[in-house]
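The structure appears below as structure tokens.
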Amino acid sequence: MSEETYTLQGGGRAAQKLKGSPSGDDGYRGVWVFIEQVEGRAAPVSWELLGAGRELADSLEVELAGVILGSGVENLSDEAFAYGADVVYLADHPLLRDYRTLLYAKVLINLVRKYRPEVLLMGATSLGRDLAGVVATSLETGLTADCTELKIDTEKRLLEQTRPAFGGNVMATILCPKRRPQMATVRPRVFPLPPRRSGRKGRLIAESFELKEEEARVRILETIKEKGRSLYLDQAEVIVAGGRGVGSKENFELLKELAETIGGTLGASRAAVEAGWVPPEYQVGQTGTIVRPKVYFAIGISGAIQHLVGMQNSDIIVAINKDPEAPIFRIATYGIVGDLLEIVPALTSEFRRRLSRSTSEGISNA
Ligand SMILES: Cc1cc2nc3c(=O)[nH]c(=O)nc-3n(C[C@H](O)[C@H](O)[C@H](O)COP(=O)(O)OP(=O)(O)OC[C@H]3O[C@@H](n4cnc5c(N)ncnc54)[C@H](O)[C@@H]3O)c2cc1C
């Protein structure tokens, strides 16, 4: 895979344009993280971004801020401080209770215009992707979606935003030298959760806004929660993922049994999804979910780059493949060469035996 550097060129009005200066010295200072919340519960990616933002802010020698929008969400500021924010900007308003693009965008744009951060990070969730696009367009600044790495060129105060491009064949580093803030979205689990230091304090800046219902242009009539959905791949600690090598929908039952035995979640390569053996929401990878479990089983998966970018940060990777030259073995912690149709049932029965032994020992010890 090659590496390229691209520059985002802004055009149009110069509302956020740095007058001839690519150095970011136009009064824009600070690193901001948008703290996404739904019903008062923060999306974990917000804390992951505070961890990444902390390093960027330290490199730039500026403050790290969290931005919280919602209704009755002030308590989240303590969490933001605990995960590393020095400052929290809070916009608490009844009309911000549910996410609605135009109201959230209005508030965030106003905060940015007032406080002028040089970097603004958001989670690449459905909400984050929606909001980031509107905010970047209104501010006439650049936005790099789905970054996998963020660094700072401290001399030029430029955010180096790296992401896969051209089908994952190139890692592109994208710069936004002439506009501020430099905006990037990052998918959940790309960065680790930083340590939580409870009791850590920071500055809370509460801003009030005049918002009108008609400005939202949409009304939420009903919220339908997905029932019985246990699949949160990006939160799973153990994932049992299968690829084309699994061979059929019926054979995927073997992986399901293994997953159930060890308390794992099923995952899949795109090839397995395209074959119709598992639904698309199970797909791991560049166009699926990015995961970071403690243990990732890659079963009958060759290890294409588009799959690897989605799971290579797993703590332990166990690869099962009949081809000893399969690229997946290059990043695997443990590799088992052989036919998955023999190995997976053998693993399941061994895990069952050991787990039932430890349970019965636990009961007899009690
Ligand atoms: C723009 C773009 C985006 C993409 N996004 C994604 C993505 O998000 N996620 C993703 O996964 N892919 C993605 N892909 C597809 C990716 O390039 C690969 O085609 C795909 O990951 C291959 O899936 P696989 O490893 O299951 O299949 P294969 O590459 O066909 O590998 C199957 C493996 O199974 C092994 N095998 C076969 N039979 C057995 C057996 N009985 N026992 C043990 N091992 C066996 C084989 O040795 C082989 O290594 C994307 C591609 C493009 C172009």
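The values are calculated or read from the model by the stated rules, or taken from the named source; none is laboratory data. This is a predicted model, so every value here is computed, not measured. Virtual Cβ from ideal backbone geometry, glycine too; neighbours counted across all protein chains shown. The protein model used for the area step is the full one, side chains on, heavy atoms only, and it has no ligands, DNA or RNA in it. Shrake-Rupley method; radii C 1.70, N 1.55, O 1.52, S 1.80 Å.
When residues of segment 45-78 are filtered for being assigned to a helix (DSSP H, G or I) and open to solvent by 50 Å² or more (accessible area, probe 1.4 Å), how many remain? Lay out the reasoning, then the answer.
Here is the first cut: in segment 45-78, the residues assigned to a helix (DSSP H, G or I) are 45-60, 76-78.
Subsequent filtering for residues that are open to solvent by 50 Å² or more (accessible area, probe 1.4 Å) retains 54-55, 58-59, 78.
Count: 5.
So, Ala136, is that one open to solvent by less than 20 Å² (accessible area, probe 1.4 Å) and either under 18 Å from Glu36 (Cβ atoms) or within 16 Å of the ligand (Cβ to nearest atom) (or both) or not?
yes
Which residues, counting only those in segment 263-276, are open to solvent by less than 50 Å² (accessible area, probe 1.4 Å), near the ligand (Cβ under 10 Å from one of its atoms) and not small (Gly, Ala, Ser)?
Across segment 263-276, the qualifying residue is only Val273.
Out of the residues in segment 277-290 meeting the condition of being among the aliphatic types (A, V, I, L, M) and more than 8 Å from the ligand (Cβ to nearest atom), tell me which one is farthest from Val190 (Cα to Cα).
Val278
Residue check: is Ile239 under 17 Å from Ile316 (Cβ atoms) and either surrounded by fewer than 21 Cβ atoms within 10 Å (Cβ to Cβ) or at pLDDT 95 or above (or both)?
For Ile239, the condition - under 17 Å from Ile316 (Cβ atoms) and either surrounded by fewer than 21 Cβ atoms within 10 Å (Cβ to Cβ) or at pLDDT 95 or above (or both) - is met.
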